[in-house]
Amino acid sequence: MPEWYGPYGGSFVPETLVPALKELDAAWRAAHRDRAFRSELQQLAREWGGRPTPLYFAENLSRELGGARIYLKREDLVHGGAHKFNNALGQGLLTRRLGKKRLIAETGAGQHGVATAMVGAKLGLSTEVYMGSVDMERQRPNVLRMRLLGATVRPVEQGSRTLKEAINEALRDWIANVTTTHYLLGSAVGPHPYPSMVCEFQSVIGREILRESRKLWGHPPDLVLACVGGGSNAIGTFHPLLSTHAKLVGVEAGGTGNEGDRGAASIGAGRPGILHGMRSYLLQDEEGQILPTESVAPGLDYAGVGPEHAYLKDSGRVEYTSVTDDEALRMFHRLARTEGILPALEPCHALAEAVRRAPTMRPDEIIVVTLSGRGDKDVEEVVRRGLPG
Ligand SMILES: *Cc1c(COP(=O)(O)O)cnc(C)c1O
């Protein structure tokens, strides 16, 4: 469980959090080696969460494009509707092991808040979720879901009133209540041990892809794509495939695509700096002030990215690119009409890149795209932006 990925990662936190992060790191290492912990995690993931998820052949879409065969890793079918469940369950079980009774979390689109609220209810932990008031407005159904699951949603009114400020408030709460509370961070970001721990909990995605590919074709896929917000579904997809020949591509949010608009492409348009306890690529100005981000996909709307992605970008093992809001929206409609699936707007970014590349590949080549979540939460936004002609 590395703390550093080349020059990225680390643990840049106030003194008060150091003991809690050390305690978490030790508990996590012990749990990871403990067969009883792993087997409880697997059993709940299977029976409560619906794992393993299928690797689904998007036959109609592949035929339309004429090229490589496209398969979808169906994380949209996980309990709660997104991959966030995998990490929330793992950290929830760890919280019980730590003897803590209270969970706090941040959420942007609300998917991580919902996953945390589900886990809090199941494990009998009191749960409070920080959410920017702008996001509460945009993602109202998820606010209601969290409340119905027994969680308290705390509106955040600072700054841009979105994800970055929600993380700041959760960190502030954690500093004040660190002995009783676990901070259930929702992506592969933040101080050590969060990035490596979240990567491990999400690596179930890549391990299942690898196992299923061996069964279906006898070798790993040729091209694997995932969308990158903080980077947890992407790192969980990529990590188990790093030592294979598979080409790996992370897709960031390109925003409007207008000249000068960086969207939320921290790797594509950012520089190394420090935010939320980690050193990584960040969208920042000359003075190091974090820049506002904008994406049609609220789950990708973050100015930073997990430190392992920063390292994989520099090393060249993973290629990073971006897709615009309009391309993602068109992809939403296309998948709905061809495959009968409403995808979340986040993985529409990865799907759109797969659609660009498939026609340039041979029919015997295989593409896998991680479909990180379902699109129910985005239906109103997509309709508001207009149906295609
Ligand atoms: C939160 C979210 C993302 C982005 O988060 P990562 O940590 O980058 O995976 C992507 N897709 C969906 C459906 C999400 O809910």
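Can you tell me which residue is surrounded by the most Cβ atoms within 10 Å (Cβ to Cβ) among those in segment 52-79 that are within 22 Å of the chain's Cα centre (by Cα), more than 16 Å from the ligand (Cβ to nearest atom) and in a loop (DSSP other than H, G, I, E, B)?
Filtering first and then ranking leaves Pro52.
What are the residues in segment 104-130 that are away from the ligand (no atom under 13 Å from the Cβ) and either among the charged types (D, E, K, R) or in contact with a strand residue (DSSP E or B) (Cβ under 6 Å, 6 or more places away or on another chain) (or both), if any?
Ile104, Ala117, Gly120, Lys122, Leu125, Ser126, Thr127, Glu128, Val129, Tyr130
Among the residues of segment 237-252, which ones are of a type in the set (Val, Ile, Thr), out of contact with any helix residue (DSSP H, G or I) (no Cβ under 6 Å at 6 or more places or on another chain) and part of a strand (DSSP E or B)?
Residue satisfying the conditions is Val249 alone.
Test of understanding: among Gly150, Gly159, which residue is more than 22 Å from the chain's Cα centre (by Cα), closer than 19 Å to Ser295 by Cβ, surrounded by fewer than 23 Cβ atoms within 10 Å (Cβ to Cβ) and more than 16 Å from the ligand (Cβ to nearest atom)?
So the residue among Gly150, Gly159 that is more than 22 Å from the chain's Cα centre (by Cα), closer than 19 Å to Ser295 by Cβ, surrounded by fewer than 23 Cβ atoms within 10 Å (Cβ to Cβ) and more than 16 Å from the ligand (Cβ to nearest atom) is Gly159.
For segment 168-197: of the residues being touching a Ser or Thr at 6+ places or on another chain (Cβ under 8 Å) and closer than 22 Å to Ser126 by Cβ, which is nearest to the ligand (Cβ to nearest atom)?
In this case the residue turns out to be Gly186.
Quick one: which helices (runs of 4 or more DSSP H) lie wholly within segment 115-207 and hold at least 3 residues that are at pLDDT 95 or above?
Those helices (runs of 4 or more DSSP H) span 140-148, 163-176, 194-202.
I'm checking my understanding of the structure. Among residues of segment 53-109 that are in contact with a His (Cβ under 8 Å, 6 or more places away or on another chain) and of a type in the set (Asp, Glu), which one is farthest from Val129 (Cα to Cα)?
Glu75
Please go through segment 365-389 and give me each residue that is among the aliphatic types (A, V, I, L, M) and either more than 16 Å from the ligand (Cβ to nearest atom) or not in a helix (DSSP H, G or I) (or both), ordered by number.
Ile366, Ile367, Val368, Val369, Leu371, Val383, Leu387 - these are the residues of segment 365-389 that are among the aliphatic types (A, V, I, L, M) and either more than 16 Å from the ligand (Cβ to nearest atom) or not in a helix (DSSP H, G or I) (or both).
Can you tell me which residue is nearest to Tyr311 (Cα to Cα) among those in segment 253-270 that are assigned to a loop (DSSP other than H, G, I, E, B) and of a type in the set (A, V, I, L, M)?
Among those that are assigned to a loop (DSSP other than H, G, I, E, B) and of a type in the set (A, V, I, L, M), it is Ala265.
I'd like to check something: does segment 203-222 contain any residue that is in contact (Cβ under 8 Å) with a residue 40 or more places away in the chain, in contact with a Gly (Cβ under 7 Å, 6 or more places away or on another chain), within 11 Å of the ligand (Cβ to nearest atom) and closer than 24 Å to Met136 by Cα?
No, segment 203-222 has no match at all.
Residues checked against (1) in contact (Cβ under 8 Å) with a residue 24 or more places away in the chain; (2) closer than 24 Å to Lys84 by Cα; (3) away from the ligand (no atom under 13 Å from the Cβ); (4) crowded, with 24+ Cβ neighbours inside 10 Å:
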| site | (1), (2), (3), (4) |
| --- | --- |
| Arg279 | yes, yes, yes, no |
| Ser295 | yes, yes, no, yes |
| Gly299 | yes, yes, no, yes |
| Ser315 | yes, no, yes, no |
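Mind checking which residues of segment 329-347 are among the small types (Gly, Ala, Ser) and either under 23 Å from Thr237 (Cα atoms) or within 16 Å of the ligand (Cβ to nearest atom) (or both)?
Across segment 329-347, the qualifying residues are Ala336, Ala344.
The values are calculated or read from the model by the stated rules, or taken from the named source; none is laboratory data. These numbers were taken from a predicted model, which means no experiment stands behind them. We place every Cβ from the backbone using ideal geometry, glycine too, and count neighbours over all the protein chains shown.
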